[in-house]
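Before any comments, here is the structure.
What follows is calculated from the coordinates using simple rules that are stated; it is not laboratory data. Treat the numbers as computed from the prediction; the structure is a model and nothing was measured. Ideal geometry is used to build each Cβ from the backbone, glycine not excepted, and the neighbour counts take in all protein chains shown.
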Ligand code: PGA
């Protein structure tokens, strides 16, 4: 597939996998995907498995991501993990503002923007998630919600930082539900997001930003989704927990 931007496919393992299970999955992906060069492949294990997955994927084409970080650099923030701690394990990406964190931890756009700035300060590339709920889509508020989230969560980034930021469009109604956005719905949302990025930064910057689709991505729908002009990769949850399905998503995307 000839894409203007290099595809980036990331597995969000969420709160799954013991260290032993994570190691088994990472080792198997390393073998399965060893020949894939056209895609940036990222795995995002829970914090507790970062060290072992980091060692297991050393010298491979699999890059490491985390699922969250603190907006603070150090100090009295019980239960939090800062960017410097992630860097110890060669983490390169960090998922920010996932809808589960927006919903359960009440993360706001302003907080996500602070975290994105903190990530960049440590040379970690944020994967900033945005997406509307079913009620918002049905009320025709999708564009308004996406615009608010994009502007709010990316506020204050420089153009150079924006180019090193990945945006993940994840319609909340498609996450873990088996309901994938149609290719037309995904393309329309991605084009809209790129338009907002163009206004917020400039057209040239917007053209360089990779926008992933997330929400029930599977081996069977990956190719069609990736063939859309503004879809530059995928953020995969459920199907990333098993080596075969994640590897097939990556392979079917190129
Ligand atoms: P899903 O999750 O692939 O299980 O729908 C996607 C995500 O939450 O990133």
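Measuring from label point to label point, each 7 Å out along Cα→Cβ, what is the residue 87 to residue 242 span in nm?
Taking the simple label geometry, residue 87 and residue 242 are separated by 3.9 nm.
FRET efficiency for residue 20 and residue 184, Cβ-Cβ distance as r, R0 = 51 Å, nearest 0.05? Can you show the working numbers first?
Working: r = 42 Å, r/R0 = 0.82.
Using R0 = 51 Å, I get an efficiency of 0.75.
With the crude spin-label approximation of a point 7 Å out along Cα→Cβ, what separation in nm comes out for residue 123 versus residue 55?
Between residue 123 and residue 55, the simple spin-label model gives 2.4 nm.
Roughly how many nanometres apart are two label points built 7 Å out from the Cα toward the Cβ at residue 103 and residue 199?
According to this spin-label approximation, the distance is 2.8 nm.
Full extension from residue 177 to residue 151: what is 0.36 nm times the residue separation minus their Cα-Cα distance, to one decimal in nm?
Working: separation 26, 0.36 × 26 = 9.36 nm, distance 2.73 nm.
Using 0.36 nm per residue and subtracting the Cα-Cα distance, I get 6.6 nm.
Can you compute the FRET efficiency between residue 32 and residue 140 using 1/(1 + (r/R0)^6), with r the Cβ-Cβ distance and R0 = 41 Å? Round to the nearest 0.05. Show your work: numbers first, answer last.
Working: r = 42 Å, r/R0 = 1.03.
Calculated value: 0.45.
Return the inverse of the average 1/r over all pairs of distinct C-alpha atoms in the chain, which is the Kirkwood hydrodynamic radius, in Å to one decimal. Write out the running numbers ahead of the final one.
Values: mean 1/r = 0.0557 Å⁻¹.
After inverting the pairwise mean of 1/r, the radius is 17.9 Å.
Mind jotting down the distance between the C-alpha centroids of the stretch 31-76 and the stretch 195-218, whole Å?
22
With the calculation restricted to Cα positions, what are the radius of gyration and Dmax of the stretch 130-254 in angstrom?
14.3, 40
Relative contact order of the chain, please, whole-number percent, based on alpha carbon pairs below 8 angstrom and at least 6 residues apart.
This gives 21 percent for the chain.
Compare the peptides 148-158, 121-131 by average per-residue count of other Cβ atoms within 10 angstrom and give them in order, highest first. Before the final figure, lay out each step's value.
Details: 148-158: 18.5, 121-131: 22.6.
For the peptides 148-158, 121-131, the packing ranking is 121-131, 148-158.
Could you sort the peptides 211-224, 97-110 by per-residue average Cβ neighbour count (10 Å cutoff), highest mean leading? Could the numbers behind the result be given before it?
Values: 211-224: 21.9, 97-110: 17.0.
Final packing ranking: 211-224, 97-110.
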